[in-house]
Structure formats: structure tokens, C-alpha cells
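The values are calculated or read from the model by the stated rules, or taken from the named source; none is laboratory data. Note that the structure is predicted; figures quoted are calculated from it, not measured. Every residue, glycine as well, gets a Cβ built from its backbone with ideal geometry; the counts of neighbours run over all protein chains shown. These area figures cover heavy atoms from the full protein model, side chains too; ligands, DNA and RNA do not enter into them. Shrake-Rupley method; radii C 1.70, N 1.55, O 1.52, S 1.80 Å.
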Amino acid sequence: MDDSGTAARRSAIYLLDQVLGEGRLMSECLGAGALDRLEPADRARAQRLALDTLRGLERVDRLLSKHLKRMPALTVRNVLRLGTMELCHGAAAHGVVNAMVEIVGKTRRFGHMKGLVNAVLRKIATEGPEAWAALRAPRLPKWLRNPLVAAWGSPAVAAMELAHLAGAPLDITLRPGAEVDLPGARAVPTGSLRLDDAGQVSALPGYEAGAWWVQDAAAALPAKVLAAKPGERILDMCAAPGGKTLQMAATGADVVALDISEARLGRLRENLARTGLKAEVVISDALRHDGQYDAILLDAPCSATGTIRRHPDLPFAKDGSEFGGLIELQSQMLAHAWGLLKPGGRLVYCTCSLLPDEGEVQIEEALEILPGARIDRDALALPGVEPDWVTEEGGLRLRPDYWADLGGMDGFYIACLRKSL
Ligand SMILES: C[S@@+](CC[C@H](N)C(=O)[O-])C[C@H]1O[C@@H](n2cnc3c(N)ncnc32)[C@H](O)[C@@H]1O
């Protein structure tokens, strides 16, 4: 690891350039190997720095705008943004200012901006965390804020924005029977283990041995709602990278893990190998898959708007133009999955979305059009699940502003449909 933090900071600035300049998701940049040449600890640090800057970007830009007459080029702006975020989170001024001046000084095009970076960050350093804390929580962009306000109301959306700013702890699901001592871990009401400030995940006890996997507490609920039993034939219809496959495989069920993405299934295979769990892996378009199953989990592709606490790049890299196509694909997948379900079987539908069109509305429509479909409310009666979370049509609505005192949860929608005999 580079103790000065220069390598991690430089990479964080590269990630900011990609997200804010090219509209790329951080996951795409990481998948393309953006941080591969860094040591694991620096990789974790670079990601954390970029994510924290994106979470607080509106605040950062407000502070910076007071000290800039003209906006400099994007890379210089991102050097200033990262420096501002670090200073406002209490990092030592001397170290941050020197590092940012050195980084900009070594760029090919912006070496002449060293003086500006030095002067602006010194001013920010004196204003410090006090000015930061007085600013409002960054707002979501209008393309997302407007539909969310229409669905949940302004106070709820403001609470979600606070949750987005706070970020997310690390949640893990323990493999049944595994024993591991994770210092600082606490159980949340639904049973997931939660760690604040976890650092580099692969360095935590039990990771190499496959004693657990990373999975937000909300994301751990769909497989619990499905409650797979040993010997049941189960289809995980959009499975990769496999958190829910692992949960269901751990019950002794016979799980088929299907996904269209070979690269993402590579991660699923690694997760199976690390945990020693078994599933049949199938690369296919779900809409072309055939077979008959006792139960199906459909974790459909969606806007992922419930995961902004952990993926604050999403509002900057997307614009909502893909919503319509996703909603159409979800209803096609629901209809196709229904045909693969044995009479008496159950289908758990879920999305990590905050938009009712990808959750509540899909299930209302499915109950009208899928032959022999009824909602199973009893399947939602799980430890830690609050009755208030159950929706009118009988699904479960989870929001990032829930469990505010415990560190929040991802936004999710989950419903269990039963097919008549
Ligand atoms: C929400 S993610 C699944 C997350 C996964 N269930 C888990 O818990 O780790 C949605 C997945 O749907 C997959 N997908 C998208 N379109 C698909 C299709 N037509 N057929 C099968 N999988 C598809 C994507 O590759 C992606 O892995």
C-alpha cells in the first residue's frame, strides 16, 4: 500500500472523471480493470474516496463555487472536489493540500494550476467541517426526484437523500453453520450481520474460507421469503453475481442459477467456489429458458435506484431513459417465469428499485393477468420484518430511510405469488 495515498487519490480522480465526464458507472470502470494495478488496500481506498466525493457532490460544489470565478477543466475540478471532501471529513489539511497540489502538478495538461489548487484548498481547509454540516443533504436529480416525490412524498424523499449521504455499512450473510469472529459486527433485526467501517472486504476474517458473503440486509430478504427446502428444484432466474443463489443453495435445494451475462456469472462461480456451495450455472436469456420448477426467484433487472447509498454514481451516470424498457422486460420475465412454475409453486419477484412501476404496479398487474395467481402475505412474516412495510397488494416495500438509527437498508420491493394447483 502507498502510505502517502497518492496512488489511491489519483485513481479516485480518474473514477470521478469517468462518472462525471463520460457518464460511466463505477462498476463498469472497475469491471474494465480501472483499479487492477493497485494493491487491494489502495483499491479499496480509491473507491471509498470517489464514492464519498459523489455522495457529497452538491455540498462540495457549493463550497468550491465561493472560491472559483471560473470553473476549471473537469480533472482539476475533480482534484478540488476530492480535496474538499477529504478536508470536510476531517482529514489533515497539510497532507490533503500537498497531495492534491502534487497530483495536479504531475498532470501533463494542468501543471500550471498548482497555485489555484493550493489557494482554493487552503481556503476550504479553514472553513472546514462546520460549513459542510450546515449545507442541505444533496438532492437527487430531477429525473429521479420527481417520480419519487410523486410516489412517496417530499418528506420521505428528503429522508432518503439523508440516507444516501450517510452511505451504507457493510452487511454480510453468514453461511449456515459457519463460525467466524468478526470484530465490531452486530446483527440487524432481520438477521444479517452489519459492520461499520469494514475497510478492505477480502481482508476480513472468514472471507477466504467462504464463511460469509457481502449482501445488503434488504437484499437478503427475497431468498428468505422464498424459503427454499432441501431437494426442491429452484430457478434463480437473474442470478449473478449470486448472493441469493448462495442463500438458496445453502438450504440444500437443487438450484439452477441462470443469467444472461457471462462476466457476471464468472463472479457467481467464484462465489460458489469460495463458499463451497453448489448450483447448476446456466448462461441464457431468461426469456428463452425452459423447464419446470417448484419455486422461482426473479430478481429482475431494474433501475437499481434502491442502491444509491452504495452506488452514488448512479444518479450522475444515468438519466432515466432506460426506465420504460426495463419495466417492459420485467413484465415479460414475470409472464415467462409463470409458465415455468409447477402448479402449487411459488414465485418471488423482487427489484432493488424505489419506483412503484418496477414493484407494486408489476405485481398488481401480474395478479390480474397471470392465470391462477394469488399473493402470499404469510411468506412475508419473517423475523425483523415490520408490518408497516407490507403494501396494499401484499408485497414488501423497503426504503433506504428505514432503520435510520441502525444504518439504513437498500430500497427493495419483494412479493411472493402462489400458483393454484
Ligand atoms: C438485479 S441483478 C441480479 C442480482 C442477483 N440476483 C444477486 O442476488 O446477486 C439482475 C441480473 O439480471 C441479468 N439479466 C438481465 N437481462 C437478462 C435476461 N434477459 N436474461 C437473464 N438474465 C438477465 C443481469 O445480467 C443481472 O445479473
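Taking all protein chains together and a probe of 1.4 Å, list Glu328, Glu130 from the most accessible to the least accessible.
Glu130, Glu328
Which values of log₁₀ I(q)/I(0), to two decimal places, follow from the Debye formula for the chain at q = 0.09, 0.12 Å⁻¹ with a uniform point scatterer at every Cα?
So the normalised log intensities work out to -0.59, -1.01.
Using θ = phi - 60° and the Karplus form 6.51 cos²θ - 1.76 cosθ + 1.60, what ³J(HN,Hα) does each residue of the range 145-153 get, whole Hz, x for Gly and Pro?
Going residue by residue, I get 5, 4, x, 6, 5, 4, 7, 10, x Hz, with x marking Gly and Pro.
Rounding to the nearest 10 and keeping the result within 0 to 90°, find how far the Cα-based axis of helix 40-55 lies from the longest principal axis of the chain.
90 degrees
Rounded to the nearest 500, what is the 222 nm mean residue ellipticity of the chain from helices alone, with -39500 (n - 2.57) per DSSP H run of 4+ residues and division by all residues?
Counting only the DSSP helices, I get -13000 deg cm²/dmol.
Given springs between every Cα pair under 10 Å in a Gaussian network model of the chain, which of Ala150, Ala373, Ala286 has the largest fluctuation?
So, out of Ala150, Ala373, Ala286, the one fluctuating most is Ala150.
Which order do Ile414, Ile375 take when ranked by solvent-accessible area (1.4 Å probe, heavy atoms of all protein chains), largest first?
Ile375, Ile414
Per residue, how much accessible area does the chain have with a 1.4 Å probe, in Å²?
Dividing the accessible area of the chain by its residue count gives 43 Å².
With axes computed from alpha carbons, what is the tilt in degrees of helix 114-134 against the longest principal axis of the chain, rounded to the nearest 10 within 0 to 90?
Compared with the principal axis, the helix lies near 50 degrees.
Given the convex hull of the Cα atoms of the range 288-421, what is a quarter of its surface area in nm²?
Mean projected area for the range 288-421: 8.8 nm², to one decimal.
Over all Cα pairs of the range 6-134, how is the pair count split among 5 Å bins, expressed in % and running from 0 up to the last occupied bin?
Result returned by the calculation: 2, 11, 23, 24, 21, 12, 5, 1.
With a 1.4 Å probe and every protein chain left in place, tell me how much accessible area Ile260 has, in Å² to the nearest 10.
Answer for Ile260: close to 120 Å² accessible.
Taking only Cα atoms and a 10 Å spring cutoff, compute GNM fluctuations for the chain and point out the largest among Arg397, Arg45, Arg186.
Among Arg397, Arg45, Arg186, the largest GNM mean-square fluctuation belongs to Arg186.
Per residue of the range 193-201, in order, report the coupling 6.51 cos²θ - 1.76 cosθ + 1.60 (Karplus, θ = phi - 60°) as ³J(HN,Hα) in whole Hz, putting x for Gly and Pro.
With coefficients 6.51, -1.76 and 1.60, one gets 9, 10, 10, 8, 6, 6, x, 6, 4 Hz.
Considering the chain as a Gaussian network with a 10 Å cut-off on Cα pairs, which listed residue, Val96, Val149, Val256, attains the greatest mean-square fluctuation?
Evaluated over the chain, the most mobile residue of the options is Val149.
At a 1.4 Å probe radius, carbon and sulfur cover how many percent of the accessible area of the chain?
51 percent
Please work out the Cα center distance from the range 107-129 to the range 402-421, rounded to the nearest Å.
The range 107-129 and the range 402-421 have Cα centres separated by 45 Å.
Between the alpha-carbon centers of the range 80-96 and the range 182-235, tell me the distance in whole angstrom.
So the two Cα centres are separated by 33 Å.
Between beta-carbons, use under 14 Å as the cut-off and find the net charge around Val390, counting Lys and Arg +1, Asp and Glu -1.
Net charge around Val390: -4.
Counting Lys +1, Arg +1, Asp -1, Glu -1, what net charge surrounds Ala73 among other residues with beta carbon under 11 Å of its beta carbon?
+2
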